[in-house]
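Colleague: So that we are looking at the same thing, I have put the structure below in structure tokens.
The numbers here are math on the coordinates, done by the rules we state, and not lab data. Note that this is a predicted model, so its numbers are computed, not measured. When we count neighbours, we look across all protein chains shown, and the Cβ atoms used for this are built from the backbone with ideal geometry, even at glycine.
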Amino acid sequence: MSLHHITPITPNQLATLVQLEQQTFTETFKDVYTPEDLATFLHDKKSPEVLAEEMTSPDALFFILWQQDVAAGYLKLNLYKQPDNDGPLPAPVMEVERIYVLKQFQGLGLGKQLIEHSYRIAAENAISTIWLGVWEHNHKAIRFYQQQGFEKFGEHFFHIGNQADTDWLMKKHLS
């Protein structure tokens, strides 16, 4: 087995997914939101019940990126989902809804492995356009997506508790 590998999430890995979702979101945004807003968001959007429900959607695909036997990051894709606004995009489309790597594993090229995995899934499903939303002040992520060939095509609001943030909507056309 290679040092890094990506596998589809199975139902018995729900606890691992919950831990990854909560830890990566907290690591990324703990200095942006109040502790109350962050706790509310984690409860409302990243609880075992919510994530188990998300996993039942046939068009939602979850993957774990492993460093040897340690879960280092994850990816959530939504096949055929158009953006809520600033669309529609050339179909068929796929949303990269979540792509996160634990802080201790950042800088190892794992985010690139996850986005490249999304391209493989897109090719398997004849997807012509990939899109995502990224917080307008997450300059590191925006640079990463721009290096991958994504371009801004719109904006939407993303609510965390009482705070509304602007996400850039970015797209990439696949050949």
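Colleague: What distance in nm separates the two pseudo spin-label positions at PHE144 and GLN163, each 7 Å out from Cα along the beta-carbon direction?
Modeller: The answer from the label model is 1.9 nm.
Colleague: Can you tell me which of LEU89, LEU108, LEU75 moves the most in a GNM of the chain? Springs connect C-alpha atoms under 10 Å apart.
Modeller: Largest GNM mean-square fluctuation: LEU108.
Colleague: Could you tally the net charge around LEU20, taking each other residue with its Cβ under 13 Å from the Cβ of LEU20, Lys/Arg +1 and Asp/Glu -1?
Modeller: Counting the neighbours of LEU20, the net charge comes to +2.
Colleague: Let me ask something else about it. For the pair ALA123/GLU136, report the inter-label distance in nm, with labels modelled 7 Å from Cα in the Cβ direction.
Modeller: 3.6
Colleague: Next up: Can you sort ASP165, ASP31 from fewest to most other Cβ atoms within 10 Å of each residue's own Cβ?
Modeller: ASP31, ASP165
Colleague: Along Cα→Cβ, 7 Å out, is where each label goes; now give me the distance between the ones at TYR80 and GLN19 in nm to one decimal.
Modeller: 3.5
Colleague: If we count every other residue with Cβ under 15 angstrom of ALA52's Cβ, Lys/Arg +1 and Asp/Glu -1, where does the sum land?
Modeller: Taking every Cβ under 15 Å from that of ALA52, the sum is -2.
Colleague: Output the antiparallel fraction of DSSP beta bridges having both residues in segment 4-173, as a percent to the nearest 5.
Modeller: In segment 4-173, DSSP labels about 90 percent of beta bridges as antiparallel.
Colleague: Only Lys, Arg, Asp and Glu count, each charged at its Cβ (+1, +1, -1, -1), so figure out the dipole size of segment 4-173 about its Cα centre, rounded to 20 debye. Intermediate values should be presented prior to the final figure.
Modeller: Details: 14 positive and 22 negative charges, 127 e Å.
That gives a dipole near 600 debye.
Colleague: Grab the other residues whose beta carbon is less than 12 angstrom from that of VAL101, score K and R as +1, D and E as -1, and report the net.
Modeller: On the way: positive: ARG98, LYS103, LYS112, LYS140; negative: GLU27.
Net of charged neighbours comes to +3.
Colleague: If you take the alpha carbon radius of gyration of segment 77-175 and divide it by 2.2 N^0.38 Å, what ratio comes out, to two decimals?
Modeller: Dividing the Cα Rg of segment 77-175 by 2.2 N^0.38 Å gives 1.06.
Colleague: Using a 10 Å cut-off around each Cβ, can you sort VAL50, VAL18 from fewest to most neighbouring Cβ atoms?
Modeller: VAL50, VAL18
Colleague: If you take Rg/Rh (Cα atoms, Kirkwood Rh) from the coordinates, which of (i) 1.08; (ii) 0.93; (iii) 1.06 do you get?
Modeller: From the options (i) 1.08; (ii) 0.93; (iii) 1.06, the structure gives (ii).
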